[in-house]
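This report concerns only the one structure given below.
Nothing in this text is a laboratory measurement; each read-out follows from the coordinates by a stated rule. Predicted, not measured: the structure shown is a model, and the values here were computed from it. No Cβ is skipped: glycine too gets one built from the backbone with ideal geometry, and neighbour counts run over all protein chains shown.
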Amino acid sequence: MVLMKLLVTLVDMEDWLQLVIACYPFSTIGGPQGLKPARSISSDERKLLYKLFQKQRHVACRSAMFNQLTVVQMLLSKLMIVSVGYCWNEFNEEDWDFLLSNQRCWIQSAVVMMEDVAENINGLVDS
């Protein structure tokens, strides 16, 4: 019952977060060095986006099981990008710690996965 309720909440949250993320595009003129917000936002809009980021940070910190779901990780990463791009000036130390610790975990996971791939390839070559 709890898992079912969690999944329903996740589906609802995914739709809303995808909508919010879509409202904050980035311009890539000039390549990766030219990546910047594609539009100006009002102070109120910036506050609302930052508040959403903080709420998601608190939810992620409270629910380890929920936070480990791939869809949650993808949405959180997209929200982080949008939040940094549009309201990084509002970030406090806890926000930056949360962002950087998630980035570190994602990088570590990618490294472990690539090490496994390399070991599997080495195993095939040695056979």
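Can you sort D126, D15 so the residue with the fewest Cβ neighbours within 10 Å comes first?
In increasing order of surrounding Cβ atoms, one gets D126, D15.
Give me the mean projected area, in nm² to one decimal, of the convex hull enclosing the Cα positions of the chain. Intermediate values should be presented prior to the final figure.
Values: hull surface 44.6 nm².
Seen from a random direction, the Cα hull of the chain projects 11.2 nm² on average.
If I fit a long axis through the Cα atoms of helix 93-126 and take the longest principal axis of the Cα atoms of the chain, what angle between them do I get, 0 to 90°, rounded to 10?
The angle comes out at about 20 degrees.
Pairs of lysine in segment 2-126 with Cα under 21 Å and at least 8 positions apart or on different chains: total? Present the calculation step by step, with values, prior to reporting the outcome.
On the way: K5/K55; K36/K47; K36/K51; K36/K78; K47/K55; K47/K78; K51/K78; K55/K78.
Count of close lysine pairs: 8.
What nm distance separates the two modelled labels at C61 and I107, each placed 7 Å from Cα along Cα→Cβ?
Distance between the two pseudo-spin positions: 2.2 nm.
Work out the length of the dipole vector of the chain about its Cα centre, built from +1 on the beta-carbon of each Lys and Arg and -1 on the beta-carbon of each Asp and Glu, and round it to the nearest 20 debye.
540
What's the exposure ranking of M74, M113, M13, going from fewest to most Cβ atoms within 10 Å? Intermediate values should be presented prior to the final figure.
On the way: M74 13, M113 10, M13 16.
Listing M74, M113, M13 from fewest to most nearby Cβ atoms yields M113, M74, M13.
Rounded, prolate or oblate, given the Cα gyration tensor of segment 79-124, with a/c below 1.5 counting as rounded?
prolate
For L19 and Q33 in one chain, what is 0.36 nm times their gap in residues minus the Cα-Cα distance, to one decimal in nm? All intermediate terms of the calculation are to be shown ahead of the outcome.
Numbers: separation 14, 0.36 × 14 = 5.04 nm, distance 2.61 nm.
Fully extending the segment from L19 to Q33 adds 2.4 nm.
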